[in-house]
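Visitor: One structure coming up, written as structure tokens, with questions to follow.
The values are calculated or read from the model by the stated rules, or taken from the named source; none is laboratory data. Source: prediction; values computed, not measured. Cβ coordinates were reconstructed from backbone atoms using ideal geometry, including for glycine residues, and neighbour counts include every protein chain displayed.
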Amino acid sequence: MGECRSTAGKCGTESSWHLQRARRTGFLSRPAVGSGLGCRRNPDQTSAGSSEISAATLAVGTGDFKRAKKGTGGMRVVVVGGTGLIGSRLVVALGDQGHEVVAASRRSDVNTLTGEGLAEAVDGADVVVDVTNSPSFEADSVLAFFEASTSNLLEAELGAGVGHHVVLSIVGTERLSEGGYFRGKIVQENIVMESPLPYTIVRATQFFEFIGGIAERATQANAIHLPPVLFQPIAADEVVAFLARTSVGPPVNGVVEVAGPRPHRLDELVREYLDARGDPRQVVTDPKARYSGARLSEHTLLPGADATLGVTRFEDWPGLRPASS
């Protein structure tokens, strides 16, 4: 995957950089990704010709970064949100590659919302990977979480001299600003881009593991209303593999994308998922249905042409059917 560079300038290291820059650029009140993303692809492009994740993806490199201080020959990586679906698997993947990994979460007395425990958690880290998520999906709560959590985390990393900040985001975020959750992710991305820290924003498509959640959020009475748009979901393990490689590589100072092997119709795939699990709910194809509050066009959820593609097909995903089947 080629390197892309953001044109967003690196601001000074004053303690209030995140709020000062936010107010000057206006992104807290105007939820849109700024022009700093010089590497954005055409949203109407499909992913033909994109690179694929192979079995060698987890053979992660170390780039030109300083080594961890405990003589392991690897790097010291702090995974914030390290006990969740992606975080817990990423901790294992990086540890298997010989890196010193710290899983930081509220279970280990690290609270990104208040800042509690952050300075201690990131001390001595070469890389910090942020895979945290808002505990609430209410629009104002999501916005407040990502603004405070991201700002606190980056402030701690600046103090610790961290060399690479990696954050997990969502493909199409900049095209989904009607949805409250996505407005929060836009704010998160912009705070990262405006910070003085070298960074990489990893945008992934929807996980196979979250298809059931998509159905739940689209349920009205006993029917699930979904638009017949294209999306390109991916297995969580392949997102982990991509994150493992990216986090110990050089900062991109821009956005990279990872997606599943091929596009599907959103309504059709959810219908297939429900059928495979014996769920009797009906999926109603509704072109006007929204996705987490946002209107969708045919290509809103698709990655750009330079996205890295996974290889696991939805029909081959082990989680598709109940374990007893």
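Visitor: Of the residues that make up the stretch 188-205, is at least one surrounded by fewer than 24 Cβ atoms within 10 Å (Cβ to Cβ), closer than 18 Å to G293 by Cβ and at pLDDT 95 or above?
Guide: There is no residue in the stretch 188-205 that is surrounded by fewer than 24 Cβ atoms within 10 Å (Cβ to Cβ), closer than 18 Å to G293 by Cβ and at pLDDT 95 or above.
Visitor: Of all residues in the stretch 109-136, which are in contact (Cβ under 8 Å) with a residue 60 or more places away in the chain and among the hydrophobic types (A, V, I, L, M, F, W, C)?
Guide: Within the stretch 109-136, V127, V129, V131 qualify.
Visitor: Residue by residue through the stretch 73-108, note down the ones that are touching a residue at least 60 places away in the same chain (Cβ under 8 Å), out of contact with any strand residue (DSSP E or B) (no Cβ under 7 Å at 6 or more places or on another chain) and not in a loop (DSSP other than H, G, I, E, B).
Guide: L85, R89, A93
Visitor: Go through (1) out of contact with any Pro (no Cβ under 7 Å at 6 or more places or on another chain); (2) in contact (Cβ under 8 Å) with a residue 40 or more places away in the chain one by one and return the number of the condition G310 breaks.
Guide: (1)
Visitor: On to the next question. Run down G213, G184 and say which single residue is without any contact (Cβ under 8 Å) to a residue 12 or more places away in the chain and not in a strand (DSSP E or B).
Guide: G213 is the lone residue from the list that is without any contact (Cβ under 8 Å) to a residue 12 or more places away in the chain and not in a strand (DSSP E or B).
Visitor: Checking A244 against (1) among the small types (G, A, S); (2) outside any helix (DSSP H, G or I); (3) surrounded by 22 or more Cβ atoms within 10 Å (Cβ to Cβ), which single condition isn't satisfied?
Guide: All conditions are met except number (2).
Visitor: If A289 satisfies all but one of (1) under 20 Å from the mean Cα position of the chain (by Cα); (2) closer than 30 Å to E138 by Cβ; (3) of a type outside the set (K, R); (4) not in a strand (DSSP E or B), what's the number of the condition it fails?
Guide: In the conditions (1) under 20 Å from the mean Cα position of the chain (by Cα); (2) closer than 30 Å to E138 by Cβ; (3) of a type outside the set (K, R); (4) not in a strand (DSSP E or B), A289 misses (1) alone.
Visitor: Just to be sure I understand, how many residues within the stretch 60-81 are surrounded by 15 or more Cβ atoms within 10 Å (Cβ to Cβ), modelled with pLDDT under 95 and of a type outside the set (A, V, I, L, M, F, W, C)? Lay out the reasoning, then the answer.
Guide: Let us first name the residues in the stretch 60-81 that are surrounded by 15 or more Cβ atoms within 10 Å (Cβ to Cβ), namely 60, 62-63, 65, 67-68, 74-81.
Of the ones still in play, those that are also modelled with pLDDT under 95 are 60, 62-63, 65, 67-68, 74.
Checking which are of a type outside the set (A, V, I, L, M, F, W, C) leaves us with 62-63, 67, 74.
Looking only at that region, the number is 4.
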